[in-house]
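Here's the structure, in structure tokens; my notes come after.
None of the figures in this text is laboratory data; all of them are computed from the coordinates on show. From a predicted model like this one, the values you see are computed outputs, not experimental measurements. Positions of Cβ are generated from backbone atoms using ideal geometry, with glycine treated the same way; all protein chains shown enter the neighbour counts.
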Amino acid sequence: MSVAVTLEELSRWNQETSAFWNQHLDANPTLLELPCDIGGTKNVQEFVRHIWAVELRWTQRLAGLPPTPREQMPTGPMPALFDLHLQAGQIFNGLLKAPEESWQEALTIDTIPPEKFVVSRRKVAAHMLLHSQRHWAQLATLVRAAGFPSGFRGDMLLSSALD
């Protein structure tokens, strides 16, 4: 066994976390209207859309597909937003079958600062997966501070995605 954390493991952790929030927000729909200003959003529903839309767009770039324009992505309801995550996961799982050396291939990303314009596919994949985890932790803090503790236990230490 390697001591390295793999993209496969990070992806499974991301799947666990997304499934938790999908279920929690489905069971507590009033949370979707909770004010939130992270990532230019106005409420939790917009924030969740941001998280899953970014997953899909980065995964599409990794697959060599044109990213879906933001304005063409659903703004709700939750099942439509969760579908963005499911689409991203399906594409990403296919990409994980690619030869290891393909992950070192460079992508040119025109939406990031010029000094980081060219990055490896591996770095983009890790960014995409950790971007989601960072935002889910922010959401856990937001709902707890608003008086609606979620019971979110998103630490990697508690994930069944890693040994």
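For the stretch 66-115 and the stretch 1-60, what is the separation of their C-alpha centers, rounded to whole Å?
Distance between centres, Cα-based: 13 Å.
Write out the trypsin sites (Lys or Arg not before Pro) in the stretch 67-129 meeting two conditions: DSSP loop, and at most 10 other Cβ atoms within 10 Å of their Cβ.
Values: sites: R70, K97, K116, R121, R122, K123; in loops: K97.
Here the trypsin sites (Lys or Arg not before Pro) that fit, given the DSSP loop and packing criteria, are K97.
Mind checking the dipole of the stretch 23-116: about its Cα centre, +1 per Lys or Arg Cβ, -1 per Asp or Glu Cβ, Debye to the nearest 20?
Values: 7 positive and 12 negative charges, 22 e Å.
Charge dipole of the stretch 23-116: 100 debye, to the nearest 20.
Tell me, in nm to one decimal, what length is gained between T41 and R134 on full extension, where the rule is 0.36 nm per residue of separation less the Cα-Cα distance?
Numbers: separation 93, 0.36 × 93 = 33.48 nm, distance 1.56 nm.
Roughly 31.9 nm would be gained on extension.
Amide H of L107 versus every other amide H placed in the peptide plane: which residues, excluding those fewer than 5 positions away on the same chain, fall under 5 Å?
V119, S120, R121
Per DSSP helix of 4 or more residues, -39500 (n - 2.57); summed, then divided by the residues of the chain. What does that give at 222 nm, rounded to the nearest 500?
Details: 4 runs with 83 residues, N = 163.
Taken over the chain, the calculation gives -17500 deg cm²/dmol.
Once you've got the GNM for the chain with C-alpha springs shorter than 10 Å, pick whichever of D110, D83, D37 has the biggest mean-square fluctuation.
D110
Rounded to whole Å and sorted largest first, list the principal axis extents of the Cα atoms in the stretch 39-100.
41, 19, 18
Bins of 10 Å, beginning at zero and ending with the bin holding the largest distance: percent of Cα pairs per bin for the chain, please.
10, 39, 35, 15, 2
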